[in-house]
Amino acid sequence: MNKLPSAARTWWASIDTGKSCTDACAVNRDTGDIFTVKSPSIPDDPTSSAINALFALCKKSGLDIEDLSLIIQGTTLSINSLLRGKEARTAILVTRGFKDVLFLSRRPIAGFFCRENRPDLFSRRFVFEVSERMLPGGRVLTPLAEDEIRKLVPQFRNLGIESVAVCFLHSCQNPAHEQRAGEILKELIPHMPVTLSNEIMPFCSESERFSTTAVNAALRPASQFCSEELHDRIKSGPGRSRGMLVMQSDGSVTSARLSAKEPARSLFSSLAGGVNACWDLSLKTRRPNLIALDMGCTCTGIGIIHREKPLYAVTGSANGYPLGFPSLDIQTIGSGGHHTASADIMLGRLSPNSLISPYSLPDCDSVNNSIDGYPGPTAKAPALETVTAVCSKISDAVIGMLFSKGLDPREYTLVAYGGSGPLHAAAIARAAGIPKVLVPLYPGAYSALGMLSRVRINCHSDLYAITDEADPDYLWEAFAALEEKARKAFAAAGIAADLVKIDKTVDMRYRGQLLQLNMQFPSGRIKNADLTLLGRAFNISFNANYGFTPDNTCSEITSLRLGAFCDAVNIQEHTGVKSLMPAPGQPAAASGRSVFFTESPTETPVYLRSSLFPSASLKGPSIIEQEGATTLVWPGMSALVDSYGSIIIDVGAEE
C-alpha cells in the first residue's frame, strides 16, 4: 500500500492483547478513517503479540509507527490469569498478630446468580509476620525488626516467590517501617518486584489496603515485563511513536511506567475500553440503556450504561478481594469462546476458517470424545449442552447484575462484541429477557476502538472536610493543581491543550460512615451556598442509592476527583456509511450450511458483513461473517442494519 500523505497523519492507535488474539486499530482524528487488524497472540509473549499486531496494522494502513502520535494499550491477560489462578506466587509481609487480615477482609458473598468457584489468589503459608507496630495516628509502638526481614529472604528463594507485598498496620499514617522494609528487600533481592501498601493506597482503610496491595503484587511481575518492554520497544525500535499510554479499569489512561508499577489499576483495561465504546454509542445513537457484553477467548466482561452514563464502582474487586480504586462497574466470568469454539464448529454455527488463532480450540478432542458415546441423532447433544451451559452462565450473570441494581432487562439493549460475543448474544439476550441485540460494525476490535473514543486522565486528592464548612477558595486551588497535573500528562503524550476538557467530581459520605457516593462538582468558582446545595444533592442521591438517610449526621467530602479528557473521533459517525458500505440492494447469501439449533439441522444462509448496507433486513436463521467475529440470528428472530452499519437483532423477548 502506498504511504499516506503527511497531511493525513493525525493518527492515534490502540492495542488490545488477549490470550488468543491481539487487536489493533488506528483512527485519524481529522478524517475519521479507521483501520483494524486481528492477529494471533503468541503464548507467554504478549509484548511480541502487541508488536506484531502493530506492524500488521501499519502494513494494512500504509502508516509508519512514527505516524502514530499516540498509542494506547489494553489487555485481558491480567484478569485472565486471576480467573485461572495463574497469578505470580506472592509473599505478603504483615504486622505480627495480623496474619489473617487479608482472609477476613470484607468480601462479597456469592449470590444466587453467581455459580463460579474461583481459585483463591493467596495462600496463608505465604503470609509472613514481622515484629513492628504503628498506632493510629502514626506513633511507633514497636520498632521494626529488620533482622526478621533479612532472615525471610532465603525462604522466598526456596519457595519460588516471584513478588512481595508489604502491608503493615497504619502505614498510611506513618510509612517509615514499610519504606525501610522495602529498602531491605530491594537491597537483598533487587530484581524482585516489591509493592508497599502506603504507595499503592496511601489512605486509611486497612482491609482494602491489604487486599489491594496483595493483588497488585500478584499481577506485577507479568505486567511489569509486558508494559515496560512494550514501551521500550516502541520507543527504541525503527520508527518511534511519540506517546504511549495504558488503559485503566476506570476508563482513564496512565503512563506505561506507572501502569507497570500499579497493574491493579489496569486489571479491566481491555474491558473498560469496550464500556467506553458503548458509552460513546449511547450518546451518539440516543440509546440510553445498554449492556456491554465483551465475550473473548477465555473470559466475558459485562458492563452497564444507564441513562447514557456508565455505572461505576467506588471500589473494584478481583476474585472477591476488594480493590481501593474506583472502577467501571464490570463483572467478569471465566467463560468465553475458548470453552465453546469446538462445539460451535460441530453445530455448524462457526466456520473453522473464521478462527484467527489455533489456540482457540483446546477443547476439541474432549468434545469429540464425549460425542462418541452418543449414537445417531443425539450425537450433537453434548455440543448443544456445552454451548447452552456457557450461555446460561453468562445470562445468569447479566440478570444478577441488573437485578442487584433494581434495573429491568426489558429496558436495555445488549451490545455484543469481542470475538465470540455476536455468536452467542441472541441466545444470552433471549434467556435474560432482553429484547434487542446490537452488533457494532467492528465487533472484533470494539474494545480497542473504545480506548480511543474518549481518552481520559484522572487525578485525585484526598480531603476530609464537612461539606458546609469547606473553604471554597481552597477547593478551587486544589482542583486547579489537579488540572495542571492532568494537562502536563496530556502534553507529555503529545496531545494539544486545546483538545482537553475538564470534569470535576467529589467523593462524599456521611461522617463516620463507610458508604460513599461520587457527586458532580460545579465547574467554575463556587461559594458557600453552592456547597450547601451540594450537600442537599448528596442527601437525595444517598437515599436513592441506599434507601435511607442517617438522622442528624452531616455529610463530608473525602476526595476531589478531576477528569481531563479529549475525544479522538466520533466513532459512531465514521464506522457506518463509508467505503465499507456497498450500493443499496437486497443482500444475497454468499453460501449456506446446516446449523444445529436443536438436535435436528436447519439449512442456514451465510452472509458477508461487507454486503450488508443500512436498512438491509434479514430473517433468522442467518449467519453473518466478517473478519474477527461471526453473528448468529436464531430462527424466529429478525435483523436490521441501521445507519451506522450496526446489526440490530430483534430477539422477540417481551419489551
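So the values come out like this:
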| quantity | calculated |
| --- | --- |
| L245, sole failed condition from (1) at pLDDT below 90; (2) over 20 Å from the mean Cα position of the chain (by Cα); (3) in a strand (DSSP E or B) | (2) |
| Hits in the range 425-461 - residues which are among the aromatic types (F, W, Y) and assigned to a loop (DSSP other than H, G, I, E, B) | Y442 |
| Breaking point among (1) open to solvent by 30 Å² or more (accessible area, probe 1.4 Å); (2) touching a Pro at 6+ places or on another chain (Cβ under 9 Å); (3) assigned to a loop (DSSP other than H, G, I, E, B), for T598 | (2) |
| Residue among E229, E262 that alone is of a type outside the set (K, R), at pLDDT 90 or above and open to solvent by 10 Å² or more (accessible area, probe 1.4 Å) | E262 |
| Where a residue in the range 71-94 is under 19 Å from T22 (Cβ atoms) and open to solvent by 10 Å² or more (accessible area, probe 1.4 Å) and its partner, wherever it lies, is among the β-branched types (V, I, T) and outside any loop (DSSP other than H, G, I, E, B), with Cβ under 6 Å and at least six apart | T75/T17 |
| Residues of the range 379-392 classified as touching a residue at least 60 places away in the same chain (Cβ under 8 Å) and either open to solvent by 30 Å² or more (accessible area, probe 1.4 Å) or not small (G, A, S) (or both), total | 2 |
| The range 164-186 residues that are among the hydroxyl-bearing types (S, T, Y), paired with ones that are in a helix (DSSP H, G or I) (beta carbon under 9 Å, 6 or more apart) | S171/H177; S171/E178; S171/Q179; S171/S197; S171/N198; S171/R209 |
| Any pair with Cβ under 8 angstrom, 6 or more apart, that starts in the range 24-41 at a residue that is under 25 Å from A496 (Cα atoms) and part of a loop (DSSP other than H, G, I, E, B) and ends at one that is open to solvent by less than 10 Å² (accessible area, probe 1.4 Å) and β-branched (V, I, T) | D33/V27 |
| Number of the exception - P136 against (1) in contact with a His (Cβ under 7 Å, 6 or more places away or on another chain); (2) modelled with pLDDT of 90 or more | (2) |
| Given (1) surrounded by 24 or more Cβ atoms within 10 Å (Cβ to Cβ); (2) modelled with pLDDT of 95 or more, index of the condition A445 fails | (2) |
| So E129, is it outside any loop (DSSP other than H, G, I, E, B), open to solvent by 50 Å² or more (accessible area, probe 1.4 Å), modelled with pLDDT under 90 and not basic (K, R) | no |
| In the range 278-331, residue surrounded by the most Cβ atoms within 10 Å (Cβ to Cβ) [restricted to those that are of a type in the set (V, I, T) and assigned to a loop (DSSP other than H, G, I, E, B)] | I330 |
| Filter pass, V215 being out of contact with any Lys or Arg (no Cβ under 9 Å at 6 or more places or on another chain), buried (at least 24 other Cβ atoms within 10 Å of the Cβ) and farther than 25 Å from V253 by Cα | no |
| Selection count where residues are open to solvent by 30 Å² or more (accessible area, probe 1.4 Å) and in a loop (DSSP other than H, G, I, E, B), scope the range 601-631 | 3 |
| Unmet criterion (only one of (1) out of contact with any Ser or Thr (no Cβ under 8 Å at 6 or more places or on another chain); (2) polar (S, T, N, Q); (3) open to solvent by 60 Å² or more (accessible area, probe 1.4 Å)) for T549 | (3) |
| Where a residue in the range 471-483 is open to solvent by 80 Å² or more (accessible area, probe 1.4 Å) and its partner, wherever it lies, is modelled with pLDDT under 95 and of a type in the set (D, E, K, R), with Cβ under 8 Å and at least six apart | W476/R525 |
| Leading residue by the ranking (most open to solvent (accessible area, probe 1.4 Å)) among those in the range 393-423 that are under 20 Å from the mean Cα position of the chain (by Cα), within 19 Å of A343 (Cα to Cα) and touching a residue at least 60 places away in the same chain (Cβ under 8 Å) | K393 |
| Among (1) open to solvent by 20 Å² or more (accessible area, probe 1.4 Å); (2) at pLDDT 90 or above, the one test that Y464 misses | (2) |
| Output for the range 632-655, where each listed residue is of a type outside the set (V, I, T), open to solvent by less than 20 Å² (accessible area, probe 1.4 Å) and not in a strand (DSSP E or B) | M637, G645, S646 |
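The values are calculated or read from the model by the stated rules, or taken from the named source; none is laboratory data. It should be emphasised that the depicted structure is a prediction, and the values quoted were computed from it without experimental measurement. All Cβ positions, even for glycine, are placed from backbone atoms using ideal geometry, and neighbour counts span all protein chains on display. The accessibility values were calculated without ligands, DNA or RNA, using every heavy atom of the protein model including side chains. Shrake-Rupley method; radii C 1.70, N 1.55, O 1.52, S 1.80 Å.
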